[in-house]
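Student: One structure, as structure tokens, below. Some questions next.
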Amino acid sequence: MADKEKDKKATPAAKKAAPAKATAVKATAVKATAAKTTTAKAAAKSAAAKAKAPAKRAVARPVTRVVRPEAPREDRRAREEERPEAPRPRAEARPLPTAPAGHAPVIKADGSSDGSVELPAAIASPAKRRGVLFQALLTALANKRQGTSATKNRSRVAGGGAKPWRQKGTGRARQGSTRSPQWRHGGVVFGPNGRRYKQRMPAKMRHAAFAEALAAQAANGRMLVVDEIRFDGDRPRAREVMDWLARVGETGRAVLVTAEIDERVGRATANLKEFDLRTPGTLRLEDVLRAETVLVLRPALDALAARATVGSGQ
């Protein structure tokens with residue numbers, strides 16, 4: 001009876017609180033169930049993605065290089081000095097052979113000297129003409145110029161066909177094209193448009209200048225006559241040519257004049273900066289003036305003298 005009386009005496013607020021607690025518990029349970037369901041779905045999706053993804057291939061990792069500190073410079077020098085060196089034997093350069101005035105030393109196939117030979121009169125004692133050598137050199141250098149530099153005037157620049165704005169009423173200066181010289185990206189007014197630098201020189205003057213250049217080399221003892229060039233094998237090397245020049249003497253920058261182009265020697269000396277191979281027809285005045293020593297094969301000496309003769313017509 002007492003319990004019933006207590007229930008009857010319970011306040012209305014307590015009666016309302018009981019259903020609210022039950023509702024909160026139910027909501028918490030629903031949230032927990034939804035979270036479990038979401039987690040299960042995510043796990044299922046990740047498992048499906050892993051199943052669909054292709055298998056990864058094993059890739060070898062690059063080997064890690066270990067950078068070691070370099071040894072001091074003194075230690076490296078000591079190690080280099082301790083190493084046994086066997087340098088390639090080279091022929092020691094010696095002074096060039098000499099010959100009397102009007103003659104040129106003769107060089108044999110092994111590079112040794114063997115007497116002298118008299119030079120043709122066109123090379124030994126040409127008629128001296130003042131200033132002709134300098135003029136011939138300027139002519140040769142001018143004829144080498146191509147003169148291909150060119151600019152575009154307003155008619156050659158692309159664009160600018162329409163008038164930028166109307167003639168009157170804008171308050172600005174009248175303009176007919178955006179490619180006028182005063183505009184950016186416009187044409188050039190007085191720029192180069194191709195030019196010829198070629199100069200003509202009489203044949204007698206050219207031959208006289210060529211003869212004076214050869215005579216200067218012969219007077220200084222820098223012209224040598226070679227009997228024969230002979231190298232072992234079908235493909236001589238540049239090393240062999242350099243050794244042969246060293247046996248001849250201190251030639252410096254040399255030019256070799258042969259009667260015909262020797263492909264073997266030309267292939268061997270193609271990369272040598274201090275050596276040129278020419279024929280009497282391809283030998284230029286610039287080659288003679290630039291070279292320190294002129295080597296002429298005996299068969300090419302007469303052709304070279306004919307080219308140096310004034311009035312020869314070559």
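The values are calculated or read from the model by the stated rules, or taken from the named source; none is laboratory data. This is a predicted model, so every value here is computed, not measured. For neighbour counting, all protein chains shown are included, and Cβ atoms are generated from backbone atoms with ideal geometry for every residue, glycine included. The accessibility values were calculated without ligands, DNA or RNA, using every heavy atom of the protein model including side chains. Shrake-Rupley method; radii C 1.70, N 1.55, O 1.52, S 1.80 Å.
Student: Here are ARG68, ARG79, ARG94: which of them is part of a helix (DSSP H, G or I) and either modelled with pLDDT of 65 or more or polar (S, T, N, Q) (or both)?
Tutor: Testing whether each residue is part of a helix (DSSP H, G or I) and either modelled with pLDDT of 65 or more or polar (S, T, N, Q) (or both) leaves just ARG79.
Student: What do you reckon, is ALA300 within 20 Å of LEU141 (Cα to Cα) and of a type in the set (A, V, I, L, M)? Can you show your working first?
Tutor: Working: within 20 Å of LEU141 (Cα to Cα): no; of a type in the set (A, V, I, L, M): yes.
No, not satisfied.
Student: Residues being outside any strand (DSSP E or B), among the β-branched types (Val, Ile, Thr), in contact with a Leu (Cβ under 9 Å, 6 or more places away or on another chain) and under 23 Å from ILE123 (Cβ atoms): count how many of those fall in the range 266-294. Full working, then the answer.
Tutor: Here is the first cut: in the range 266-294, the residues outside any strand (DSSP E or B) are 266-274, 279-292.
Pick out the ones that are also among the β-branched types (Val, Ile, Thr) and you get 269, 279, 282, 288.
Keeping just the survivors that are in contact with a Leu (Cβ under 9 Å, 6 or more places away or on another chain) gives 269, 288.
Checking which are under 23 Å from ILE123 (Cβ atoms) leaves us with 288.
The qualifying residues number 1.
Student: May I pose another question? Considering (1) touching a Ser or Thr at 6+ places or on another chain (Cβ under 6 Å); (2) of a type in the set (D, E, K, R); (3) free of Cβ contacts under 8 Å to residues at least 12 places away in the same chain, say which one ARG172 fails and leave the rest.
Tutor: (1)
Student: Let me ask you something else. Please find, within the range 101-154, the residue that is farthest from LEU304 (Cα to Cα) out of those that are among the polar types (S, T, N, Q) and touching a helix residue (DSSP H, G or I) at 6+ places or on another chain (Cβ under 9 Å).
Tutor: Going through the range 101-154, the residues among the polar types (S, T, N, Q) turn out to be 112-113, 116, 125, 135, 139, 143, 146, 148-149, 151, 153.
Now drop any that are not touching a helix residue (DSSP H, G or I) at 6+ places or on another chain (Cβ under 9 Å), which leaves 112-113, 125, 135, 139.
On the way: SER112: 23, SER113: 22, SER125: 14, GLN135: 21, THR139: 21 Å.
Looking at the filtered set, the residue picked out is SER112.
Student: Identify all residues within the range 182-235 that are without any contact (Cβ under 8 Å) to a residue 60 or more places away in the chain and acidic (Asp, Glu); write none if there are none.
Tutor: Answer for the range 182-235, where residues must be without any contact (Cβ under 8 Å) to a residue 60 or more places away in the chain and acidic (Asp, Glu): ASP232, ASP234.
Student: Next question, about the same structure. Hey, could you check the range 109-130 for residues that are assigned to a loop (DSSP other than H, G, I, E, B) and modelled with pLDDT of 90 or more and say which is surrounded by the fewest Cβ atoms within 10 Å (Cβ to Cβ)?
Tutor: Filtering the range 109-130 down to residues assigned to a loop (DSSP other than H, G, I, E, B) leaves 109-112, 119-120, 125-130.
Adding the requirement that they be modelled with pLDDT of 90 or more leaves 119-120.
Details: LEU119: 23, PRO120: 18.
Looking at the filtered set, the residue picked out is PRO120.
Student: Another question about this same structure. Applying the selection to the range 131-158, what residues are out of contact with any strand residue (DSSP E or B) (no Cβ under 8 Å at 6 or more places or on another chain), assigned to a loop (DSSP other than H, G, I, E, B), open to solvent by less than 90 Å² (accessible area, probe 1.4 Å) and not β-branched (Val, Ile, Thr)? Outline the logic, then answer.
Tutor: Quick first cut of the range 131-158, residues out of contact with any strand residue (DSSP E or B) (no Cβ under 8 Å at 6 or more places or on another chain) only: 131-149, 152, 154-158.
Filter once more, keeping what is assigned to a loop (DSSP other than H, G, I, E, B): 131, 145-149, 152, 154-158.
Add one more test, that the residue is open to solvent by less than 90 Å² (accessible area, probe 1.4 Å), and what stays is 131, 147, 149, 157-158.
Answer for the range 131-158, where residues must be out of contact with any strand residue (DSSP E or B) (no Cβ under 8 Å at 6 or more places or on another chain), assigned to a loop (DSSP other than H, G, I, E, B), open to solvent by less than 90 Å² (accessible area, probe 1.4 Å) and not β-branched (Val, Ile, Thr): GLY131, GLY147, SER149, ALA158.
Student: Hey, could you check the range 261-307 for residues that are open to solvent by 70 Å² or more (accessible area, probe 1.4 Å), within 24 Å of ARG239 (Cβ to Cβ) and of a type in the set (Asp, Glu) and say which is nearest to the chain's Cα centre (by Cα)?
Tutor: Across the range 261-307, the extreme among qualifying residues is GLU274.
Student: Would you mind stating whether PRO192 is within 34 Å of the chain's Cα centre (by Cα) and open to solvent by less than 50 Å² (accessible area, probe 1.4 Å)? Let's see the steps before the verdict.
Tutor: Working: within 34 Å of the chain's Cα centre (by Cα): yes; open to solvent by less than 50 Å² (accessible area, probe 1.4 Å): no.
Against the criterion (within 34 Å of the chain's Cα centre (by Cα) and open to solvent by less than 50 Å² (accessible area, probe 1.4 Å)), PRO192 does not qualify.
Student: Say whether the condition of being modelled with pLDDT of 90 or more and of a type in the set (Val, Ile, Thr) is met by at least one residue in the range 270-284.
Tutor: There is at least one residue in the range 270-284 that is modelled with pLDDT of 90 or more and of a type in the set (Val, Ile, Thr).
Student: For the range 112-142, enumerate the residues that are β-branched (Val, Ile, Thr) and out of contact with any Pro (no Cβ under 9 Å at 6 or more places or on another chain).
Tutor: Filtering the range 112-142 for residues β-branched (Val, Ile, Thr) gives 117, 123, 132, 139.
ILE123, VAL132, THR139, listed by residue number.
Student: Inspect all residues belonging to the range 188-202 and state whether any of them is touching a helix residue (DSSP H, G or I) at 6+ places or on another chain (Cβ under 8 Å) and in a helix (DSSP H, G or I).
Tutor: no
Student: Moving to a separate point now. Determine, yes or no, whether GLN167 is within 39 Å of the chain's Cα centre (by Cα) and either farther than 30 Å from LEU285 by Cα or open to solvent by 50 Å² or more (accessible area, probe 1.4 Å) (or both).
Tutor: On the way: within 39 Å of the chain's Cα centre (by Cα): no; either farther than 30 Å from LEU285 by Cα or open to solvent by 50 Å² or more (accessible area, probe 1.4 Å) (or both): yes.
No; evaluated as a whole, the condition is false for this residue.
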